[in-house]
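Participant: Here it is: the structure, laid out below.
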Amino acid sequence: MTAPLEVDTSVLRRVGGDFTSAGDRMAGLQADAPLGDAAAGVPQLQTAAACYAAQTTIATEMNNVAGSARTYGSDLRSAADRYDATDEASGETIDGVEIPVPR
């Protein structure tokens, strides 16, 4: 027999907030900026073109990762809300069941 499922929705909400905050921080890192600076330092070389290409890729991927972290955080908080709502509704349903008096 399996153990009952126990969910601490406050932990889900906290971790969801942590992921959202991490996504916000990643979005602000500007990890691509050093590549732009490097390209500007050697504009006449092919290295500049490579740096600009890498800069675009890094910027796109950082946006994707940051967005994914934010989405995951939001999903965790939504899951906690749905779990609490379902738990509350189930409790109300159980409370509404009339138990016959033993004879």
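Participant: Can you tally the net charge around residue 26? Count Lys and Arg as +1, Asp and Glu as -1, for every other residue whose Cβ sits under 14 Å from the Cβ of residue 26.
Facilitator: Numbers: positive: 25, 70; negative: 18, 24, 32, 61.
With Lys, Arg at +1 and Asp, Glu at -1, the net is -2.
Participant: Work out from phi, with θ = phi - 60° and the Karplus expression 6.51 cos²θ - 1.76 cosθ + 1.60, the ³J(HN,Hα) of each residue of segment 68-75, listed in order in whole Hz, and give x for Gly and Pro.
Facilitator: These are the phi-based 3J(HN,Hα) values: 5, 5, 5, 4, 4, x, 5, 5 Hz.
Participant: Of the candidates 36, 91, 16, which one comes out as most mobile in a Gaussian network treatment of the chain with C-alpha springs shorter than 10 Å?
Facilitator: 91
Participant: Then there is this: Through the Karplus equation 6.51 cos²θ - 1.76 cosθ + 1.60, θ set to phi - 60°, convert the phi angles of segment 81-94 into ³J(HN,Hα) values in whole Hz; use x for Gly and Pro.
Facilitator: For segment 81-94, the Karplus curve yields 4, 5, 4, 4, 5, 5, 4, 5, 5, 5, x, 5, 5, 5 Hz.
Participant: Under a Cβ-Cβ cut-off of 14 Å, what is the net charge of the residues other than residue 53 that fall near it, where Lys and Arg count +1 and Asp and Glu count -1? Let's see the in-between values first.
Facilitator: Details: positive: none; negative: 32, 61.
Counting the neighbours of residue 53, the net charge comes to -2.
Participant: In whole Hz, with x marking every Gly and Pro, tabulate ³J(HN,Hα) for segment 58-63 from phi via Karplus 6.51 cos²θ - 1.76 cosθ + 1.60, θ = phi - 60°.
Facilitator: Per residue, the Karplus-derived 3J(HN,Hα) values read 4, 4, 4, 5, 5, 5 Hz.
Participant: Further question: Scan around residue 42 for amide H atoms under 5 Å from its own, H built in the peptide plane at 1.01 Å from N, and keep only partners 5 or more places away or cross-chain.
Facilitator: Hits under the 5 Å cutoff: none.
Participant: Among 37, 75, 84, which one moves the most in a GNM of the chain with springs linking Cα atoms closer than 10 Å?
Facilitator: 37
Participant: Report which label in (1) 10.6; (2) 6.9; (3) 5.7 holds the value of mean projected area of the Cα convex hull in nm² derived from the coordinates of this structure.
Facilitator: For mean projected area of the Cα convex hull in nm², the calculated option is (1).
Participant: Take every Cα pair under 8 Å in segment 32-84 that's 6+ residues apart, average their separations, divide by the length, and report that relative contact order as a whole percent.
Facilitator: Working: 24 pairs, mean separation 15.5, N = 53.
29 percent.
Participant: Right, next: Helix 9-27 against the longest principal axis of the chain: what's the angle in degrees, Cα atoms only, rounded to the nearest 10?
Facilitator: 10
Participant: For a quick check: sort 101, 7 by the number of other beta carbons within 10 angstrom, fewest at the front. Working shown, then result.
Facilitator: Values: 101 5, 7 12.
With the sparsest Cβ surroundings first, the list reads 101, 7.
Participant: From Cα pairs below 8 angstrom and at least 6 apart in sequence, can you work out the relative contact order of the chain, rounded to a whole percent?
Facilitator: Values: 81 pairs, mean separation 41.1, N = 103.
Answer for the chain is 40 percent.
Participant: Mean-square fluctuation check for the chain, GNM, Cα pairs under 10 Å: which of 21, 78, 90 is largest?
Facilitator: Answer for the Gaussian network model of the chain: 90.
Read-outs: derived from the displayed coordinates by stated rules, not from any lab. Given the structure is predicted, the values throughout are model-derived calculations rather than measurements. Glycine also receives a Cβ, built like all others from the backbone with ideal geometry; neighbour counts cover every protein chain displayed.
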